[in-house]
Each structure stands twice: as C-alpha cells, then as structure tokens.
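The structure appears below as structure tokens.
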Amino acid sequence: MTRRVLPARGSRLGRYRSRRATGPGFRLRATGWRYVRLMKLIVLYDNRALPGFEAGWGLAVLIVGGPRTVLFDVGWDGDLLLRNMGRLEIDPGSIDDIVLSHPHWDHIGGLPQVLHQGARVHVPSSFSPALRREIATRAQLEVCGEPRHICAGVSTTGTHDLEQALLLDVGGGQVVLSGCAHPGLGVFMDVARSSGPVVGVVGGLHGFTELDLLEGLDLVAPGHCTRQLEPIASRFDRTCRVLAAGLEIDLAHLGGGP
Ligand SMILES: [Zn+2]
Ligand SMILES: [Zn+2]
C-alpha cells in the first residue's frame with residue numbers, strides 16, 4: 001500500500017497514520033488482519049455543524065484508521081466540504097476511496113473538488129451512464145450492483161433501489177453507514193446481519209419511523225435528512241450521537257469489540 005499524498009505532519013490524519021504504522025492500530029485475527037481499534041468516523045458535511053465548522057444540506061463522512069482512507073458521500077457544495085476538511089488539515093489527495101450512496105445532488109455535488117486520479121470511486125448501479133462516464137474520466141470508477149469489499153473492515157451493501165450503504169466491521173459487529181436510507185434502513189440492516197450482528201447505525205435516515213429497529217444498538221447516530229431526529233434522540237439518549245460537521249465518532253469497543 002502506498003500513499004500518494006500524505007497529510008501535513010502533525011495533522012489529525014497524519015497522527016492516525018503514524019499510530020497505525022507503528023502497530024497498535026490493528027490486530028491479527030483468525031480471519032486475517034482487522035483494523036478495528038482505531039476505526040473512526042469524522043463528519044465533514046452535514047445539515048448541522050459544530051462551532052468552527054460550516055453546515056450545509058448534505059452528508060460526507062470520512063472513515064479513518066483502516067488500511068485505506070474512505071470518504072462516504074461528498075455533500076453538495078464542494079468548496080464548503082474543502083473548507084471543513086481544511087479545518088481538520090485533511091488533504092483530499094489522501095483519500096483512497098470515495099463511496100457514493102446514491103445520485104442525489106446533496107450526496108454527490110462536492111465530488112469534483114475531492115476527485116483525483118489515484119482515487120477509486122464506488123457508485124451504485126443507479127448512476128446514469130453519463131454520470132459514470134464523467135467520473136471515469138477523472139478517477140477509477142467501480143459500479144457496485146452487488147456488495148463490494150473495499151478494504152479490511154469496509155464493504156458496501158450492493159445497490160438497493162437507487163442506493164447503497166457502507167458496512168463497517170468494528171470487531172464486535174457491523175455498523176451501517178447510510179446516506180439517506182431511501183429503500184428503508186431495515187434493508188441495509190438485513191444485509192449487514194449476513195456478516196454479523198448490527199451494533200450501530202450512522203447517517204441520514206430520511207423518513208425512517210421504525211424506531212424499534214434501533215433498540216439494543218451501541219451507537220445510534222442520525223443526521224442529515226433524518227426527520228425523526230428528536231424522537232430518536234430522546235428515546236435512545238444513552239446511545240445517540242446526533243451528527244454534525246466536525247464531529248468525530250470512535251468506533252472502537254462497539255459491540256464489546258477490542
Ligand atoms: Zn437522497
Ligand atoms: Zn440526502
């Protein structure tokens with residue numbers, strides 16, 4: 001694995017990498033190398049923002065601490081995305097994979113600003129031929145009709161209706177990372193269960209109302225377009241983290257993991 005562009009020395013991403021490179025960030029399991037102890041989500045774009053960050057309608061979440069740095073969705077306004085990334089000293093050139101959940105403007109609009117020739121872009125099969133061609137001229141395009149393994153601990157659900165979600169294996173179970181969950185969160189949770197118990201749900205949940213599905217999870221992190229944000233936050237107050245740009249969520253120890 002080679003890095004084309006490394007973040008500035010001392011930056012957040014640089015610190016994750018140097019810790020990872022020295023060994024304590026991963027462990028050996030019977031099934032192979034698992035980068036589970038340091039896997040962390042950094043919200044780069046959301047309808048809400050922490051002080052010092054900008055909010056905008058859309059979603060972008062960076063997954064760091066694994067063998068590859070993965071960006072899930074890119075928001076709408078690429079300049080806003082870059083400004084939020086700049087505040088965290090994250091260089092777009094350090095992103096190995098970009099996974100786009102579905103072809104809605106608030107999830108793909110920022111793509112040109114973070115694309116580079118070394119990136120792999122994983123899109124659901126609902127992307128139009130024209131959009132696929134545009135992306136393929138600037139990066140390596142992967143169309144994910146079926147579930148796809150991105151790297152250790154990170155895979156896609158395959159396309160359901162127009163959308164795909166990301167599954168993160170955190171050691172103790174699966175975390176579902178959703179863009180809008182238009183096909184229904186339950187669909188993505190069912191796919192995740194084929195790989196292990198679901199221990200967390202993160203992302204946009206749109207019109208989701210089946211709150212019972214969230215019962216017993218270690219992490220409930222709704223954001224972006226989630227209409228039932230308040231009911232979810234009050235019912236799951238011990239496990240809920242409402243997303244906001246600038247928020248970091250450590251996935252270690254979920255599901256009784258390492
Ligand atoms: Zn949508
Ligand atoms: Zn959306």
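Observations on the model:
- Segments 143-156, 97-110 sorted - mean Cβ within 10 Å per residue, highest first: 97-110, 143-156
- Coil-residue chymotrypsin sites (Phe, Trp or Tyr not before Pro) of the stretch 44-73, DSSP, other Cβ within 10 Å capped at 16: TRP57
- Residues within the reach of a label modelled at GLU230 (point 7 angstrom out along Cα to beta-carbon, backbone nitrogen below 18 Å), restricted to the stretch 207-223, are 207-211, 222-223.
- Taking the number of Cβ atoms within 10 Å of each Cβ as an exposure proxy, the fewest-first ranking of LEU59, LEU217, LEU88 is LEU88, LEU217, LEU59.
Rule-based calculations on the coordinates, nothing more; no lab input. Everything quoted here is computed from the prediction, not taken from an experiment. All Cβ positions, glycine included, derive from the backbone under ideal geometry; neighbour counts span all protein chains shown.
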